[in-house]
Amino acid sequence: MLPRIHRLVRERDFKRVYRYCYTYFSPFVILKFAKNNQNKSRFGFIVGNKISKKSTKRNKIKRFLRAIVSTDLKNIKLGHDYVLIARSAIVDRKYSEIKSEIEKLFKRSKQVK
């Protein structure tokens, strides 16, 4: 479970990330991030209705994304807000596939310590 202090929940925080962000793409996920002038990193997850009309599938994907981020939290740079946006290719993928793709994405964006 991702601790509360590491979550993006306010709409204004999401808008700020969208306005001042760097963006990186992978087949499963889009990563957007911006500096937050704090000593912690926060994460937001977006899985839209285009991914699946069933809320159970969308929630499963969110749980996967949160679990991946919480296990790699110690390796991710501090002081940024991150938004992970699921793409349609993520549906029916295994946890290990998603995890490896997200790790590659963070390495490519140089957001790993």
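The values are calculated or read from the model by the stated rules, or taken from the named source; none is laboratory data. Just so we're clear, the structure is a prediction, and the values are computed from it rather than from any experiment. Ideal geometry is used to build each Cβ from the backbone, glycine not excepted, and the neighbour counts take in all protein chains shown.
Using beta carbons and a limit of 7 Å, which pairs, at least six apart or on different chains, have the first residue in segment 22-34 and without any contact (Cβ under 8 Å) to a residue 60 or more places away in the chain and the second one among the charged types (D, E, K, R)?
Thr23/Lys32; Ile30/Arg87; Ala34/Arg16; Ala34/Asp81
Hey, Leu84 hits all of (1) surrounded by fewer than 17 Cβ atoms within 10 Å (Cβ to Cβ); (2) without any contact (Cβ under 8 Å) to a residue 60 or more places away in the chain; (3) not hydroxyl-bearing (Ser, Thr, Tyr) but one; which does it fall short on?
Against the list (1) surrounded by fewer than 17 Cβ atoms within 10 Å (Cβ to Cβ); (2) without any contact (Cβ under 8 Å) to a residue 60 or more places away in the chain; (3) not hydroxyl-bearing (Ser, Thr, Tyr), Leu84 comes up short only on (1).
If you take the residues in segment 65-80 that are assigned to a helix (DSSP H, G or I) and aliphatic (A, V, I, L, M), which one is modelled with the lowest pLDDT?
So the first thing to find is which residues in segment 65-80 are assigned to a helix (DSSP H, G or I), and the list is 65-71, 73-75.
With aliphatic (A, V, I, L, M) added as a condition, the list becomes 65, 67-69, 73.
On the way: Leu65: 96, Ala67: 95, Ile68: 95, Val69: 95, Leu73: 91.
Residue satisfying both the conditions and the ranking: Leu73.
Just the residues that are under 21 Å from Glu101 (Cβ atoms) and surrounded by fewer than 16 Cβ atoms within 10 Å (Cβ to Cβ), please, taken from segment 31-45.
Narrowing segment 31-45 to residues under 21 Å from Glu101 (Cβ atoms): 31-33, 41, 43-45.
Result: no residue meets the conditions.
Return a yes/no flag: does segment 97-105 have any residue that is buried (at least 20 other Cβ atoms within 10 Å of the Cβ) and more than 14 Å from Ile30 (Cβ to Cβ).
The answer is no, given that none of the residues of segment 97-105 is buried (at least 20 other Cβ atoms within 10 Å of the Cβ) and more than 14 Å from Ile30 (Cβ to Cβ).
Can you tell me how many residues in segment 51-63 are surrounded by fewer than 10 Cβ atoms within 10 Å (Cβ to Cβ) and assigned to a loop (DSSP other than H, G, I, E, B)?
First, pick out the residues of segment 51-63 that are surrounded by fewer than 10 Cβ atoms within 10 Å (Cβ to Cβ): 53, 56.
Keeping just the survivors that are assigned to a loop (DSSP other than H, G, I, E, B) gives 53.
Total meeting the criteria: 1.
In the list Lys40, Lys32, which residue meets the criterion of being among the charged types (D, E, K, R) and closer than 11 Å to Ile85 by Cβ?
On the way: Lys40 fails: closer than 11 Å to Ile85 by Cβ.
Answer to the check: Lys32.
May I ask you to verify whether Glu101 is in contact with a Pro (Cβ under 8 Å, 6 or more places away or on another chain) and not hydrophobic (A, V, I, L, M, F, W, C)? Break it down stepwise before answering.
Details: in contact with a Pro (Cβ under 8 Å, 6 or more places away or on another chain): yes; not hydrophobic (A, V, I, L, M, F, W, C): yes.
Yes; evaluated as a whole, the condition is true for this residue.
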